[in-house]
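Derivation of every value follows stated rules applied to the coordinates shown; laboratory data play no part. This one's a predicted model, so the numbers in the text were calculated from it and none came from an experiment. All Cβ positions, even for glycine, are placed from backbone atoms using ideal geometry, and neighbour counts span all protein chains on display.
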Amino acid sequence: MSGFIQFLTDRYDLVLRLLWEHSYISLIAVVAGFLIAVPLGILLTRTEKINTYVIGFVNILQTLPSLALLGLMIPLLGIGAVPAIVALFLYSLLPMLRNTYTGIREVDPALIEAARGMGMTSFQILWKIELPMAISIIMGGFRTATIYTISWATLAAVIGGGGLGYLVFTGLGLANDNMMITGALATAMLATIADLLTRNIQKMCTPKGLKIKRAD
């Protein structure tokens, strides 16, 4: 324990820098995934003929081993933060895409028909009925993707992307337990904080009448 505390004291500047790198790599990937996955998920609810193919393709991306996907990025984008962010972006798509599609599809058709009967346009129905009813499920996908991405981001260090994985893999190579433990604990701490933040965001976005039913 004393060795671990001593390592933190001696290398706190390195740990803070890697923590920042890990945070912004994960954040950029998840936000980019959100901006693509949510509109795409909405589009798929309107074009049922292609949803199986699109979701199936994203599922295939999800099944690729993390190291293999990172390896595929090297010939295309080289090494560093950019290929790591692209790989993490691809991994983050599925939870948000699937939850957006499911959330919109689960809206009661009777509500939509009633809205049409009142003369609401398709955009008004989406904005005033479907999205408010589905937002909790959509944000649940965002929450899941965020936590997973923070975990997967440890592998970014393998291709020079930085982040807390540097401590884990360097510590493993040097047989330095304190370095490995620091990297693992910092990643777990970051994921826990992200979980709490995204949980609160999810609750704030959920309409009051649905909070008890769909808080998670």
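The charge dipole of the chain, taken about the Cα centre with unit charges on the Cβ atoms of Lys, Arg (+1) and Asp, Glu (-1), comes to about 660 debye, rounded to the nearest 20. Between ILE74 and PHE57, the modelled label-to-label distance comes to 2.7 nm, taking each label 7 Å out from Cα in the direction of the beta carbon.
For ASP177, ASP13, what ranking results if the residue with the fewest other Cβ atoms within 10 Å of its Cβ goes first? Please report the intermediate quantities before stating the final value.
Values: ASP177 13, ASP13 8.
Ranking ASP177, ASP13 by Cβ neighbours within 10 Å, fewest first, gives ASP13, ASP177.
Build a GNM of the chain with springs between Cα atoms under 10 Å apart, and of THR206, THR52, THR182 the one that fluctuates most is THR52.
Between TYR166, TYR101, TYR12, the residue with the greatest mean-square fluctuation in the GNM of the chain (Cα pairs under 10 Å linked by springs) is TYR12. Taking ILE150, ILE137, ILE181 as the candidate residues, the one with maximal mean-square fluctuation in a Gaussian network model of the chain, Cα springs under 10 Å, is ILE181.
Mean residue ellipticity at 222 nm from the helices of the chain, using -39,500 (n - 2.57) per DSSP H segment of n ≥ 4 over the full residue count, to the nearest 500 deg cm²/dmol?
Details: 10 runs with 176 residues, N = 216.
So the helix-based figure for the chain works out to -27500 deg cm²/dmol.
Given the choices (i) -0.86; (ii) -0.71; (iii) -0.79, log10 I(q)/I(0) by the Debye sum over Cα atoms at q = 0.13 Å⁻¹ derived from the coordinates of this structure is entry (iii). Between THR9 and LYS203, the simple label model (points 7 Å from Cα in the Cβ direction) yields a spacing of 3.9 nm.
Our estimate of slack between GLU48 and MET120, defined as 0.36 nm per intervening residue step minus the Cα-Cα distance, is 23.7 nm. In this label model, ASP177 and LEU196 are separated by 2.9 nm, measuring between points 7 Å along each Cα→Cβ vector. Relative contact order for the chain using alpha-carbon pairs under 8 Å, separation at least 6, rounded to a whole percent? It comes to 27 percent, rounded to a whole number.
With R₀ set to 30 Å, the beta-carbon distance separating MET189 from LEU67 gives a calculated FRET efficiency near 0.80.
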